[in-house]
1. Could you please give the count of residues in the stretch 1-21 that are loosely packed, with under 14 Cβ neighbours inside 10 Å and assigned to a helix (DSSP H, G or I)?
2. Which residues, counting only those in the stretch 47-100, are closer than 17 Å to residue 163 by Cβ and β-branched (Val, Ile, Thr)?
3. Could you tell me which of the residues 130, 116, 164, 151 is free of Cβ contacts under 8 Å to residues at least 12 places away in the same chain and not β-branched (Val, Ile, Thr)?
4. Looking for something at pLDDT below 95 and either under 17 Å from the mean Cα position of the chain (by Cα) or under 30 Å from residue 141 (Cβ atoms) (or both) - is there at least one such residue anywhere in the stretch 59-79?
5. Just the residues that are surrounded by fewer than 20 Cβ atoms within 10 Å (Cβ to Cβ) and either touching a Leu at 6+ places or on another chain (Cβ under 8 Å) or modelled with pLDDT of 95 or more (or both), please, taken from the stretch 135-147.
6. Filter the stretch 2-60 down to residues that are among the basic types (Lys, Arg) and touching a residue at least 40 places away in the same chain (Cβ under 8 Å) and give me whichever is nearest to residue 122 (Cα to Cα).
7. Is one or more of the residues making up the stretch 106-117 modelled with pLDDT of 90 or more, closer than 21 Å to residue 147 by Cα, surrounded by 17 or more Cβ atoms within 10 Å (Cβ to Cβ) and not acidic (Asp, Glu)?
Amino acid sequence: MNDPFATLGVPRRFTLPAAELEQRHRDLSRVLHPDRHVAAPPAERRVALERAVAVNDAYRTLRDPLARAQSLLALHDVAIAEGDRAPPAVLMEVMELRESLDEARGRPERVAPLRATVAARVAAEERAIAAVFDRDGPPDAPALQRARDAAVKLRYFRRFEEEADAMEE
């Protein structure tokens, strides 16, 4: 598995300061930019291009909290399949939120409270993931399961945010 943390040279943690992550990406991109390797032999240019692509992919992964969580889990051989479901209570909550979002169509003043509710849930799930991966030492199996469960819930809440964004456009 490709390790985006190693690619960017950042610690394997969930909480990564956005400014530091962006600066690391910018520094590596500057060094690896194809224009800097124009005079190099073709093999070197190809390697530089491949590394530049890897750096961009790693940055894209790590700046997204859900993708970052999935990467951390994958590094511990824990996968989240597309068909993995959240607990029934979360599914019901998201279904009710979607119904409320449909009813709020065309009334932005009714969307804002829904967004605030979901933002709070997203923050809670991100805190649960951070609690597992921001500690010293490797997480144990129950902690990895908690992080996995939180990431599955996070995926549902993120989909709601995407639907709200699409509706507002």
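The values are calculated or read from the model by the stated rules, or taken from the named source; none is laboratory data. Source: prediction; values computed, not measured. Reconstructed Cβ throughout: ideal geometry from the backbone, glycine too, with neighbour counts over all protein chains shown.
1. Total satisfying the criteria: 4.
2. Hits for the stretch 47-100 are 90, 94.
3. Values: 130 fails: free of Cβ contacts under 8 Å to residues at least 12 places away in the same chain; 164 fails: free of Cβ contacts under 8 Å to residues at least 12 places away in the same chain; 151 fails: free of Cβ contacts under 8 Å to residues at least 12 places away in the same chain.
Residue meeting the stated conditions: 116.
4. Of all residues in the stretch 59-79, those at pLDDT below 95 come to 79.
After this cut, where a residue has to be either under 17 Å from the mean Cα position of the chain (by Cα) or under 30 Å from residue 141 (Cβ atoms) (or both) as well, the list is 79.
Among the residues of the stretch 59-79, at least one is at pLDDT below 95 and either under 17 Å from the mean Cα position of the chain (by Cα) or under 30 Å from residue 141 (Cβ atoms) (or both), which makes the answer yes.
5. Taking the stretch 135-147 first, the residues surrounded by fewer than 20 Cβ atoms within 10 Å (Cβ to Cβ) are 135-146.
Answer for the stretch 135-147, where residues must be surrounded by fewer than 20 Cβ atoms within 10 Å (Cβ to Cβ) and either touching a Leu at 6+ places or on another chain (Cβ under 8 Å) or modelled with pLDDT of 95 or more (or both): 139, 140, 141, 142, 143, 144, 145, 146.
6. Step one: list which residues in the stretch 2-60 are among the basic types (Lys, Arg), which gives 12-13, 24, 26, 30, 36, 45-46, 51, 60.
Keeping just the survivors that are touching a residue at least 40 places away in the same chain (Cβ under 8 Å) gives 12-13.
On the way: 12: 21, 13: 18 Å.
Ranking the candidates gives 13 first.
7. Checking the stretch 106-117: not a single residue is modelled with pLDDT of 90 or more, closer than 21 Å to residue 147 by Cα, surrounded by 17 or more Cβ atoms within 10 Å (Cβ to Cβ) and not acidic (Asp, Glu).
Conditions tested, residue by residue: (1) within 23 Å of residue 134 (Cα to Cα); (2) not in a helix (DSSP H, G or I).
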residue	(1), (2)
54	no, no
61	yes, no
80	yes, yes
95	no, no
98	no, no
